[in-house]
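For reference, the structure is listed below as structure tokens.
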Amino acid sequence: MFRLKIFILLCIYSFSIFAQSKEKCLFGDCKDGRGIFIDIHGNKLGGIFVNGKLEGVGEIEFKNNGKFSGVYKDPSYHGKSKFIDSDGKVVYGTEFTGGSCGDYGCETWHKFIPDSNVKCTFQGTFIDGKKTGNGRYTCNNGESFEGTYSNDLANGPGKLTYSDGTVWDGEFKNGHPVRK
């Protein structure tokens, strides 16, 4: 009988260990202070935390090796930022307004055209910081795209309207129209 009780207690203890969240604070105060935190997706968040959320200047190292540094609020990206994708490509000057990883959000950026004031806004779903699912972007020069995203790029059916009014309605792969 004693062995049975020990066995049951060990089982309960083992299940409680495995049931614990994968979230954890690696360093500092991840509730109300400066710290480094691993979220449930395996992304590493560093900076100042308020009520357990990144607030102010901070950095995220995504599980896919991408990195984002900028200003966080409620826990979205806001303002000027720097993003390094998993291939090491650096994107400077991206301006986010309420883009929330894992939720429906919005991202605003300036097109990288020298001496250009073209500003674009994306509305759609983000998963692990990448555009995924149905989404739409529009630019103040008349360019727009509406369609399916995966891995942060247009992939699948979509409609691209260029600034001169030319329209491409068809399939996209890795962000580019598929010409047959």
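The values are calculated or read from the model by the stated rules, or taken from the named source; none is laboratory data. Computed from a predicted model, the values in this text were never measured in an experiment. For neighbour counting, all protein chains shown are included, and Cβ atoms are generated from backbone atoms with ideal geometry for every residue, glycine included.
Observations, loosely collected:
- Qualifying position, being in contact with a Leu (Cβ under 7 Å, 6 or more places away or on another chain), over 21 Å from residue 151 (Cβ atoms) and at pLDDT 80 or above, among 60, 36, 48: 36
- Matching residues, the stretch 134-180, being in contact with a Cys (Cβ under 7 Å, 6 or more places away or on another chain) and under 21 Å from residue 66 (Cβ atoms): 137
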